[in-house]
Amino acid sequence: MNEYWITDITLDKPQNVDMIYAPKGVARCTGCFGCWLKTPSECVMHDGKQGIGEMLTNRETVRIISKITYGGFSAPVKRVLDRSISGVLPFFSKRHGRMHHAVRYQTKPTFYITFYDCSQLSDEEKALAKRAANAMAINMNCKECIVNFIDKNICTLEDII
Amino acid sequence: MKTVFINLTPKKKNSMSGYLLRTTKLFIKGECVTINYRGSADDKKILCELENAQNLVFVTPLYVDGLPSHVLELLQRLEKTVSKELNVYALLNCGFYEGEQCELALNMVKIWCKHSGTNFCGGLGLGAGEMHRVLRWNIPVSAISAVLGALALAFNFHTLGVSLLWNAFGFIFFWFIFSLNMFLSAQKTASNISKSKNNGLCYTTVSFCPSWLFTILASGYWILRAFFFHGIPFWKIFKRYNLK
Ligand SMILES: Cc1cc2nc3c(=O)[nH]c(=O)nc-3n(C[C@H](O)[C@H](O)[C@H](O)COP(=O)(O)O)c2cc1C
(Lines give C-alpha, C1' and ligand atoms only; values in the text may rest on other atoms or scores of the structure.)
Protein backbone atom coordinates (compact mmCIF):
# COMPACT_ATOMS: atom_id res chain seq x y z
CA MET A 1 0.00 0.00 0.00
CA ASN A 2 1.32 3.35 -0.92
CA GLU A 3 -0.54 5.61 1.42
CA TYR A 4 -0.14 5.86 5.15
CA TRP A 5 -2.23 7.85 7.61
CA ILE A 6 -1.63 8.78 11.21
CA THR A 7 -4.61 10.24 13.06
CA ASP A 8 -5.59 11.12 16.59
CA ILE A 9 -9.30 11.11 15.74
CA THR A 10 -11.48 8.14 14.76
CA LEU A 11 -12.07 8.08 11.02
CA ASP A 12 -13.45 5.48 8.63
CA LYS A 13 -10.48 3.94 6.95
CA PRO A 14 -10.46 4.65 3.23
CA GLN A 15 -9.58 1.77 0.95
CA ASN A 16 -5.95 1.18 0.04
CA VAL A 17 -4.68 3.13 3.02
CA ASP A 18 -2.66 1.95 6.01
CA MET A 19 -3.98 3.85 8.97
CA ILE A 20 -2.77 4.11 12.51
CA TYR A 21 -5.04 5.45 15.24
CA ALA A 22 -2.41 7.08 17.45
CA PRO A 23 -4.14 7.21 20.86
CA LYS A 24 -4.33 3.42 21.08
CA GLY A 25 -1.64 0.87 21.78
CA VAL A 26 1.53 2.70 20.75
CA ALA A 27 4.46 2.30 23.15
CA ARG A 28 6.64 5.29 23.90
CA CYS A 29 10.16 5.64 22.45
CA THR A 30 12.82 5.03 25.08
CA GLY A 31 15.59 6.77 23.14
CA CYS A 32 17.80 3.65 22.94
CA PHE A 33 18.74 3.97 19.23
CA GLY A 34 18.20 0.19 18.92
CA CYS A 35 16.30 0.82 15.66
CA TRP A 36 19.53 2.05 14.10
CA LEU A 37 22.12 -0.18 15.74
CA LYS A 38 20.64 -3.35 17.22
CA THR A 39 17.83 -4.30 14.82
CA PRO A 40 18.42 -1.79 12.01
CA SER A 41 15.21 -0.50 10.35
CA GLU A 42 12.82 -1.69 13.07
CA CYS A 43 12.07 -0.69 16.63
CA VAL A 44 13.28 -3.11 19.32
CA MET A 45 9.85 -3.00 21.02
CA HIS A 46 7.77 -5.58 19.18
CA ASP A 47 4.28 -4.25 19.83
CA GLY A 48 3.11 -4.55 16.23
CA LYS A 49 4.25 -0.99 15.55
CA GLN A 50 7.94 -1.68 15.04
CA GLY A 51 7.73 -0.85 11.34
CA ILE A 52 6.38 2.69 11.76
CA GLY A 53 9.60 4.20 10.39
CA GLU A 54 9.28 2.43 7.07
CA MET A 55 5.65 3.50 6.75
CA LEU A 56 6.53 7.13 7.24
CA THR A 57 9.46 7.27 4.83
CA ASN A 58 8.81 4.65 2.16
CA ARG A 59 5.30 5.61 0.99
CA GLU A 60 4.27 7.94 -1.78
CA THR A 61 1.77 9.73 0.43
CA VAL A 62 1.76 10.27 4.18
CA ARG A 63 -1.21 11.99 5.74
CA ILE A 64 -1.25 13.17 9.33
CA ILE A 65 -4.40 14.40 11.05
CA SER A 66 -3.72 15.99 14.39
CA LYS A 67 -4.82 18.52 16.93
CA ILE A 68 -2.31 21.26 17.69
CA THR A 69 -0.61 21.02 21.07
CA TYR A 70 1.61 23.97 21.97
CA GLY A 71 2.39 24.71 18.33
CA GLY A 72 3.15 21.13 17.34
CA PHE A 73 1.57 17.73 16.88
CA SER A 74 -0.69 16.34 19.59
CA ALA A 75 0.91 13.97 22.11
CA PRO A 76 -0.56 10.75 20.61
CA VAL A 77 0.58 11.66 17.09
CA LYS A 78 3.97 12.69 18.42
CA ARG A 79 4.26 9.34 20.13
CA VAL A 80 3.97 7.67 16.72
CA LEU A 81 6.46 10.09 15.14
CA ASP A 82 8.97 9.52 17.95
CA ARG A 83 8.89 5.81 17.09
CA SER A 84 9.69 6.45 13.45
CA ILE A 85 13.39 7.33 13.26
CA SER A 86 14.10 3.80 12.04
CA GLY A 87 12.98 5.13 8.65
CA VAL A 88 16.20 7.08 8.26
CA LEU A 89 19.86 6.17 8.82
CA PRO A 90 21.99 7.31 11.75
CA PHE A 91 24.34 9.00 9.23
CA PHE A 92 24.09 12.56 8.03
CA SER A 93 23.26 14.59 4.97
CA LYS A 94 22.74 18.28 4.48
CA ARG A 95 19.30 19.39 3.27
CA HIS A 96 18.04 22.97 3.11
CA GLY A 97 21.31 24.17 4.67
CA ARG A 98 21.01 22.07 7.81
CA MET A 99 22.14 18.72 9.03
CA HIS A 100 19.62 15.90 8.70
CA HIS A 101 19.76 12.13 8.53
CA ALA A 102 20.82 10.23 5.44
CA VAL A 103 17.92 8.33 3.91
CA ARG A 104 17.25 4.61 4.22
CA TYR A 105 14.71 4.54 1.36
CA GLN A 106 14.91 6.47 -1.89
CA THR A 107 11.16 7.20 -1.84
CA LYS A 108 10.34 10.85 -1.36
CA PRO A 109 6.92 10.96 0.29
CA THR A 110 4.51 13.83 -0.06
CA PHE A 111 3.22 14.83 3.37
CA TYR A 112 -0.32 16.17 3.77
CA ILE A 113 -0.79 17.49 7.26
CA THR A 114 -4.16 18.55 8.57
CA PHE A 115 -4.46 20.32 11.89
CA TYR A 116 -8.05 20.48 13.13
CA ASP A 117 -9.75 22.29 16.03
CA CYS A 118 -7.84 25.50 15.29
CA SER A 119 -10.56 28.07 15.94
CA GLN A 120 -9.27 29.07 19.39
CA LEU A 121 -5.60 29.14 18.46
CA SER A 122 -3.37 32.16 17.99
CA ASP A 123 -1.63 32.84 14.68
CA GLU A 124 1.68 32.34 16.46
CA GLU A 125 0.69 28.84 17.49
CA LYS A 126 -0.52 27.94 14.01
CA ALA A 127 2.62 29.35 12.39
CA LEU A 128 4.81 27.32 14.74
CA ALA A 129 2.81 24.16 14.02
CA LYS A 130 3.32 24.72 10.30
CA ARG A 131 7.07 25.13 10.76
CA ALA A 132 7.29 22.08 13.03
CA ALA A 133 5.37 19.98 10.50
CA ASN A 134 7.69 21.13 7.71
CA ALA A 135 10.81 20.43 9.74
CA MET A 136 9.59 16.91 10.54
CA ALA A 137 8.80 16.29 6.88
CA ILE A 138 12.23 17.51 5.74
CA ASN A 139 13.83 15.24 8.34
CA MET A 140 11.88 12.34 6.81
CA ASN A 141 13.06 13.29 3.31
CA CYS A 142 9.77 14.60 1.94
CA LYS A 143 9.18 15.66 -1.64
CA GLU A 144 6.72 18.25 -0.45
CA CYS A 145 4.80 19.08 2.70
CA ILE A 146 1.34 20.55 2.48
CA VAL A 147 -0.16 21.85 5.72
CA ASN A 148 -3.74 22.95 6.21
CA PHE A 149 -5.83 24.09 9.14
CA ILE A 150 -9.44 23.28 9.92
CA ASP A 151 -11.39 25.28 12.47
CA LYS A 152 -13.92 22.58 13.31
CA ASN A 153 -13.15 20.51 16.38
CA ILE A 154 -14.08 17.30 14.69
CA CYS A 155 -13.13 16.28 11.22
CA THR A 156 -14.45 13.84 8.71
CA LEU A 157 -12.99 12.36 5.56
CA GLU A 158 -14.64 15.07 3.46
CA ASP A 159 -12.81 17.78 5.43
CA ILE A 160 -9.48 16.16 4.81
CA ILE A 161 -9.40 15.17 1.17
CA MET B 1 15.37 31.61 45.54
CA LYS B 2 14.37 28.03 44.74
CA THR B 3 14.88 26.42 41.34
CA VAL B 4 13.26 23.14 40.34
CA PHE B 5 14.90 21.20 37.50
CA ILE B 6 12.90 18.48 35.76
CA ASN B 7 14.97 15.99 33.80
CA LEU B 8 12.72 14.72 31.01
CA THR B 9 14.90 12.24 29.16
CA PRO B 10 13.38 8.76 28.96
CA LYS B 11 16.83 7.28 29.62
CA LYS B 12 17.35 5.87 33.11
CA LYS B 13 21.04 6.76 33.26
CA ASN B 14 23.88 8.36 31.29
CA SER B 15 21.61 10.81 29.50
CA MET B 16 22.80 14.04 27.93
CA SER B 17 19.92 15.89 29.59
CA GLY B 18 21.19 14.73 32.98
CA TYR B 19 24.71 15.87 32.13
CA LEU B 20 23.53 19.29 30.91
CA LEU B 21 21.33 19.61 33.98
CA ARG B 22 24.16 18.85 36.39
CA THR B 23 26.54 21.19 34.56
CA THR B 24 24.04 24.04 34.72
CA LYS B 25 23.25 23.30 38.34
CA LEU B 26 26.92 23.75 39.27
CA PHE B 27 26.58 27.46 38.54
CA ILE B 28 23.18 28.05 40.19
CA LYS B 29 23.07 30.11 43.33
CA GLY B 30 20.33 29.31 45.80
CA GLU B 31 18.29 26.22 46.56
CA CYS B 32 18.08 23.61 43.80
CA VAL B 33 15.93 20.52 43.43
CA THR B 34 16.14 17.94 40.63
CA ILE B 35 13.32 15.63 39.68
CA ASN B 36 14.01 12.78 37.27
CA TYR B 37 10.65 12.43 35.57
CA ARG B 38 9.67 8.82 34.91
CA GLY B 39 5.92 9.06 34.39
CA SER B 40 2.66 10.54 35.63
CA ALA B 41 3.35 9.09 39.11
CA ASP B 42 5.90 11.91 39.52
CA ASP B 43 3.33 14.69 39.01
CA LYS B 44 2.61 14.93 42.72
CA LYS B 45 6.28 15.30 43.56
CA ILE B 46 6.68 18.01 40.93
CA LEU B 47 3.71 20.03 42.14
CA CYS B 48 4.82 19.65 45.73
CA GLU B 49 8.32 20.96 44.97
CA LEU B 50 6.92 23.79 42.86
CA GLU B 51 4.79 25.11 45.72
CA ASN B 52 7.54 27.31 47.14
CA ALA B 53 9.72 27.61 43.99
CA GLN B 54 10.36 30.65 41.81
CA ASN B 55 12.08 29.01 38.84
CA LEU B 56 11.14 25.93 36.84
CA VAL B 57 13.64 24.47 34.37
CA PHE B 58 12.61 21.80 31.88
CA VAL B 59 15.59 19.80 30.61
CA THR B 60 14.74 17.63 27.64
CA PRO B 61 16.11 16.10 24.44
CA LEU B 62 14.71 17.12 21.05
CA TYR B 63 12.70 14.36 19.37
CA VAL B 64 11.77 14.70 15.70
CA ASP B 65 11.88 18.50 15.72
CA GLY B 66 9.68 18.91 18.76
CA LEU B 67 9.14 18.02 22.38
CA PRO B 68 8.98 14.25 23.06
CA SER B 69 5.42 12.94 23.41
CA HIS B 70 5.73 12.17 27.12
CA VAL B 71 6.81 15.78 27.71
CA LEU B 72 3.70 17.05 25.90
CA GLU B 73 1.58 14.81 28.11
CA LEU B 74 3.22 16.15 31.26
CA LEU B 75 2.87 19.77 30.09
CA GLN B 76 -0.83 19.23 29.40
CA ARG B 77 -1.37 17.93 32.92
CA LEU B 78 0.67 20.72 34.52
CA GLU B 79 -0.92 23.49 32.44
CA LYS B 80 -3.91 23.96 34.70
CA THR B 81 -2.21 23.35 38.02
CA VAL B 82 1.09 25.29 38.10
CA SER B 83 1.40 28.64 39.80
CA LYS B 84 1.28 31.62 37.42
CA GLU B 85 4.17 33.24 39.28
CA LEU B 86 6.72 30.74 38.00
CA ASN B 87 9.65 31.71 35.76
CA VAL B 88 10.06 28.96 33.20
CA TYR B 89 13.29 28.03 31.39
CA ALA B 90 14.00 25.20 28.97
CA LEU B 91 17.31 23.47 28.30
CA LEU B 92 17.09 21.53 25.05
CA ASN B 93 19.70 19.28 23.52
CA CYS B 94 19.61 17.75 20.08
CA GLY B 95 21.67 15.16 18.25
CA PHE B 96 22.44 17.19 15.14
CA TYR B 97 25.24 19.71 14.98
CA GLU B 98 23.28 22.95 15.02
CA GLY B 99 21.82 23.97 18.38
CA GLU B 100 19.37 26.11 16.39
CA GLN B 101 17.44 22.94 15.55
CA CYS B 102 16.02 23.18 19.10
CA GLU B 103 14.32 26.48 18.30
CA LEU B 104 10.94 24.93 17.47
CA ALA B 105 10.81 23.01 20.75
CA LEU B 106 11.90 26.06 22.76
CA ASN B 107 9.04 28.00 21.19
CA MET B 108 6.65 25.19 22.10
CA VAL B 109 7.62 25.69 25.74
CA LYS B 110 7.01 29.40 25.21
CA ILE B 111 3.47 28.65 23.98
CA TRP B 112 2.90 26.37 26.97
CA CYS B 113 3.82 29.32 29.18
CA LYS B 114 1.20 31.45 27.44
CA HIS B 115 -1.43 28.75 28.02
CA SER B 116 -0.47 28.20 31.64
CA GLY B 117 0.02 31.90 32.39
CA THR B 118 3.59 31.37 33.56
CA ASN B 119 6.50 33.61 32.65
CA PHE B 120 8.70 32.28 29.83
CA CYS B 121 12.31 33.28 30.40
CA GLY B 122 13.98 31.63 27.42
CA GLY B 123 16.49 28.85 27.40
CA LEU B 124 19.29 27.06 25.69
CA GLY B 125 19.51 24.88 22.58
CA LEU B 126 22.59 22.68 22.56
CA GLY B 127 23.68 20.85 19.39
CA ALA B 128 25.74 17.63 19.13
CA GLY B 129 24.12 16.23 22.27
CA GLU B 130 25.17 12.65 21.70
CA MET B 131 28.76 13.76 21.07
CA HIS B 132 28.89 15.74 24.32
CA ARG B 133 27.42 12.79 26.15
CA VAL B 134 30.01 10.36 24.83
CA LEU B 135 32.92 12.78 25.32
CA ARG B 136 32.42 12.47 29.07
CA TRP B 137 33.96 9.00 28.88
CA ASN B 138 37.24 10.78 28.11
CA ILE B 139 37.47 11.59 31.82
CA PRO B 140 37.66 8.03 33.20
CA VAL B 141 39.77 6.93 30.20
CA SER B 142 42.18 9.75 30.94
CA ALA B 143 42.29 8.91 34.65
CA ILE B 144 43.06 5.25 33.99
CA SER B 145 45.72 6.19 31.49
CA ALA B 146 47.32 8.60 33.97
CA VAL B 147 47.42 6.00 36.74
CA LEU B 148 48.92 3.38 34.43
CA GLY B 149 51.44 5.95 33.16
CA ALA B 150 52.51 6.82 36.70
CA LEU B 151 52.88 3.12 37.55
CA ALA B 152 54.95 2.53 34.43
CA LEU B 153 57.26 5.39 35.38
CA ALA B 154 57.55 4.05 38.96
CA PHE B 155 58.67 0.70 37.56
CA ASN B 156 61.12 2.39 35.22
CA PHE B 157 59.28 1.76 31.94
CA HIS B 158 60.10 5.27 30.88
CA THR B 159 58.87 5.44 27.25
CA LEU B 160 55.63 3.61 27.99
CA GLY B 161 54.98 5.82 31.02
CA VAL B 162 55.49 9.05 29.10
CA SER B 163 53.27 7.99 26.21
CA LEU B 164 50.49 6.95 28.62
CA LEU B 165 50.70 10.32 30.34
CA TRP B 166 50.48 12.12 26.99
CA ASN B 167 47.51 9.93 26.19
CA ALA B 168 45.85 10.94 29.46
CA PHE B 169 46.47 14.58 28.69
CA GLY B 170 45.06 14.21 25.15
CA PHE B 171 41.78 12.71 26.35
CA ILE B 172 41.22 15.43 28.95
CA PHE B 173 42.29 18.13 26.52
CA PHE B 174 39.78 17.12 23.82
CA TRP B 175 36.97 16.69 26.33
CA PHE B 176 37.60 20.19 27.62
CA ILE B 177 38.15 21.86 24.25
CA PHE B 178 35.05 20.35 22.63
CA SER B 179 32.84 21.02 25.67
CA LEU B 180 33.93 24.59 26.25
CA ASN B 181 30.91 26.16 24.51
CA MET B 182 28.59 24.00 26.57
CA PHE B 183 30.23 25.03 29.86
CA LEU B 184 30.13 28.72 28.95
CA SER B 185 26.48 28.59 27.84
CA ALA B 186 25.47 26.58 30.90
CA GLN B 187 27.22 29.12 33.12
CA LYS B 188 25.53 32.07 31.40
CA THR B 189 22.10 30.44 31.52
CA ALA B 190 22.58 29.46 35.17
CA SER B 191 23.51 32.99 36.12
CA ASN B 192 20.31 34.27 34.50
CA ILE B 193 18.25 31.58 36.23
CA SER B 194 19.79 32.48 39.58
CA LYS B 195 18.63 36.06 39.09
CA SER B 196 15.29 35.03 37.52
CA LYS B 197 16.36 37.05 34.49
CA ASN B 198 15.29 36.45 30.90
CA ASN B 199 17.88 34.32 29.11
CA GLY B 200 16.50 34.78 25.60
CA LEU B 201 16.91 31.88 23.19
CA CYS B 202 20.60 30.89 23.07
CA TYR B 203 22.09 28.26 20.82
CA THR B 204 25.43 26.55 20.94
CA THR B 205 27.24 23.41 19.85
CA VAL B 206 30.63 21.68 20.21
CA SER B 207 33.51 24.14 20.25
CA PHE B 208 36.52 23.89 17.93
CA CYS B 209 34.79 21.19 15.91
CA PRO B 210 33.49 22.19 12.46
CA SER B 211 30.45 20.36 11.14
CA TRP B 212 32.48 18.19 8.72
CA LEU B 213 34.58 16.90 11.61
CA PHE B 214 31.43 16.29 13.65
CA THR B 215 30.02 14.26 10.74
CA ILE B 216 33.11 12.06 10.55
CA LEU B 217 33.35 11.51 14.31
CA ALA B 218 29.63 10.86 14.75
CA SER B 219 29.40 8.46 11.80
CA GLY B 220 32.41 6.52 13.06
CA TYR B 221 30.83 6.41 16.50
CA TRP B 222 27.60 4.83 15.21
CA ILE B 223 29.55 2.22 13.23
CA LEU B 224 31.70 1.26 16.23
CA ARG B 225 28.75 1.24 18.63
CA ALA B 226 26.66 -0.99 16.33
CA PHE B 227 29.55 -3.44 15.99
CA PHE B 228 30.88 -3.58 19.54
CA PHE B 229 27.62 -3.34 21.47
CA HIS B 230 25.28 -5.24 19.15
CA GLY B 231 27.50 -7.24 16.79
CA ILE B 232 26.01 -5.46 13.77
CA PRO B 233 28.56 -4.95 10.99
CA PHE B 234 28.63 -1.67 9.07
CA TRP B 235 26.69 -2.81 6.01
CA LYS B 236 23.78 -4.23 8.04
CA ILE B 237 22.96 -0.74 9.36
CA PHE B 238 21.53 0.01 5.90
CA LYS B 239 18.96 -2.83 6.02
CA ARG B 240 15.54 -2.11 4.55
CA TYR B 241 12.52 -3.08 6.64
CA ASN B 242 10.35 -4.64 3.96
CA LEU B 243 13.19 -6.67 2.42
CA LYS B 244 13.74 -9.12 5.27
C1 LIG C 1 13.17 9.35 18.67
C2 LIG C 1 14.29 10.34 18.59
C3 LIG C 1 14.17 11.43 17.77
C4 LIG C 1 15.19 12.38 17.67
N5 LIG C 1 15.02 13.46 16.83
C6 LIG C 1 16.02 14.37 16.72
C7 LIG C 1 15.87 15.48 15.84
O8 LIG C 1 14.86 15.66 15.16
N9 LIG C 1 16.88 16.37 15.74
C10 LIG C 1 18.03 16.21 16.47
O11 LIG C 1 18.92 17.04 16.32
N12 LIG C 1 18.18 15.18 17.33
C13 LIG C 1 17.22 14.25 17.46
N14 LIG C 1 17.37 13.18 18.32
C15 LIG C 1 18.61 13.05 19.08
C16 LIG C 1 18.50 13.44 20.54
O17 LIG C 1 17.97 14.72 20.69
C18 LIG C 1 19.88 13.40 21.16
O19 LIG C 1 20.42 12.12 21.05
C20 LIG C 1 19.90 13.81 22.62
O21 LIG C 1 21.24 14.08 22.97
C22 LIG C 1 19.35 12.75 23.56
O23 LIG C 1 19.36 13.29 24.87
P24 LIG C 1 19.20 12.38 26.19
O25 LIG C 1 20.46 11.58 26.30
O26 LIG C 1 19.06 13.34 27.29
O27 LIG C 1 17.99 11.54 26.02
C28 LIG C 1 16.37 12.22 18.43
C29 LIG C 1 16.49 11.11 19.26
C30 LIG C 1 15.49 10.16 19.36
C31 LIG C 1 15.66 8.97 20.26
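Side notes on the structure shown:
- Some residue of the range B:116-124 being farther than 20 Å from B:LEU67 by Cβ and surrounded by 20 or more Cβ atoms within 10 Å (Cβ to Cβ): no
- A residue that is more than 14 Å from every other protein chain (Cβ to nearest Cβ) and either in contact with a helix residue (DSSP H, G or I) (Cβ under 6 Å, 6 or more places away or on another chain) or of a type in the set (Ser, Thr, Tyr) (or both) occurs somewhere in the range B:206-226.
- Candidate set: the range A:122-145, residues that are facing chain B (nearest Cβ under 8 Å) and within 15 Å of the ligand (Cβ to nearest atom); chosen: the one nearest to A:PHE73 (Cα to Cα): A:ALA132
- For the range A:90-115, filtered to residues that are open to solvent by less than 10 Å² (accessible area, probe 1.4 Å) and within 23 Å of A:GLN50 (Cα to Cα), the residue that is nearest to the ligand (Cβ to nearest atom) is A:PRO90.
- Some residue of the range B:81-90 being touching a residue at least 40 places away in the same chain (Cβ under 8 Å), out of contact with any Asp or Glu (no Cβ under 6 Å at 6 or more places or on another chain) and within 16 Å of the ligand (Cβ to nearest atom): no
- Test: residue in the range A:112-125 that is in a loop (DSSP other than H, G, I, E, B), closer than 25 Å to A:GLY25 by Cα and in contact with a helix residue (DSSP H, G or I) (Cβ under 9 Å, 6 or more places away or on another chain): no
- Residue count for the range A:25-64, restricted to those that are within 11 Å of chain B (Cβ to nearest Cβ) and outside any loop (DSSP other than H, G, I, E, B): 10.
- Residues satisfying the stated conditions in the range B:68-115, i.e. open to solvent by 40 Å² or more (accessible area, probe 1.4 Å) and part of a helix (DSSP H, G or I): B:GLU73, B:GLN76, B:ARG77, B:GLU100, B:GLU103, B:LYS110, B:LYS114, B:HIS115
- Boolean, B:ILE35 is away from the ligand (no atom under 16 Å from the Cβ) and either over 23 Å from B:MET182 (Cβ atoms) or assigned by TED's automatic domain parsing to the domain that holds B:SER116 (or both): no
- Test: residue in the range A:65-73 that is under 15 Å from the mean Cα position of the chain (by Cα), within 11 Å of chain B (Cβ to nearest Cβ), within 15 Å of the ligand (Cβ to nearest atom) and more than 19 Å from A:ALA133 (Cα to Cα): no
- Each residue in the range B:1-32 was checked for being within 14 Å of the ligand (Cβ to nearest atom) and among the aliphatic types (A, V, I, L, M), and 5 pass.
The values are calculated or read from the model by the stated rules, or taken from the named source; none is laboratory data. All values reported here derive from a predicted model rather than from experimental measurement. Cβ atoms come from the backbone with ideal geometry, glycine included; neighbour counts cover every protein chain shown. Areas reflect the complete protein model, heavy atoms only, side chains present, ligands, DNA and RNA absent. Shrake-Rupley method; radii C 1.70, N 1.55, O 1.52, S 1.80 Å.
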